[in-house]
Amino acid sequence: MDELILLPFTERERTQEYSFNTFTERNIEFTLMKNSIHNTPQSGNLYKFGLLHNEGYKGQGDEMWWFFNGKAIIKGRIKALETFSALQKYCKMKGLGRPFAFKVVK
């Protein structure tokens, strides 16, 4: 598998707080990151993907990076699950942390 470039979170993104929800969907352990200031379910079907450092999340974005230049490149839940599964395999192979998906609200 080709090397994926990781883009660090921006200064603004690092100051925000996030929560993570991990669940199994279609036999894939799927992790969604949500901005903690949004208390309502996020609608939309565009996803971007990131990496959570091996140490785990401690409350700020400095332990996280974006895949795919931080762009929302995947449309639809099924494609998001497939992409997430591939990123899980990539992270395991490279000894990185764990991936997460982020639903983009427009």
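Listed values, structure above:
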quantity	calculated
Under Karplus coefficients 6.51, -1.76 and 1.60, residue-wise ³J(HN,Hα) of the range 9-18 in Hz, glycine/proline x	4, 6, 4, 5, 4, 5, 7, 8, 9, 10
Contour minus Cα-Cα distance for VAL104 and ALA72 (0.36 nm per residue)	10.8 nm
Förster radius 22 Å - calculated FRET efficiency between LEU4 and ILE37 (Cβ-Cβ, nearest 0.05)	0.15
Under 20 Å from the Cα of LYS92 - aspartates and glutamates, other chains or at least 8 residues apart	ASP2, GLU3, GLU25, GLU29, GLU55, GLU63, GLU82
Cut-off 13 Å between beta-carbons: net charge of the residues surrounding ALA80, Lys and Arg +1, Asp and Glu -1	+4
Under 13 Å, Cβ to Cβ, from LEU32 - net charge with Lys/Arg +1 and Asp/Glu -1	+3
Highest average packing first - 2-11, 72-81, Cβ atoms within 10 Å	72-81, 2-11
Of LYS71/LYS103; LYS48/LYS79; LYS34/LYS94, those spanning more than 18 Å from alpha-carbon to alpha-carbon	LYS34/LYS94
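Bear in mind these aren't lab numbers, they're just calculated from the coordinates by the rules spelled out. In this text, all values refer to a predicted model and were calculated from it rather than measured experimentally. Cβ coordinates were reconstructed from backbone atoms using ideal geometry, including for glycine residues, and neighbour counts include every protein chain displayed.
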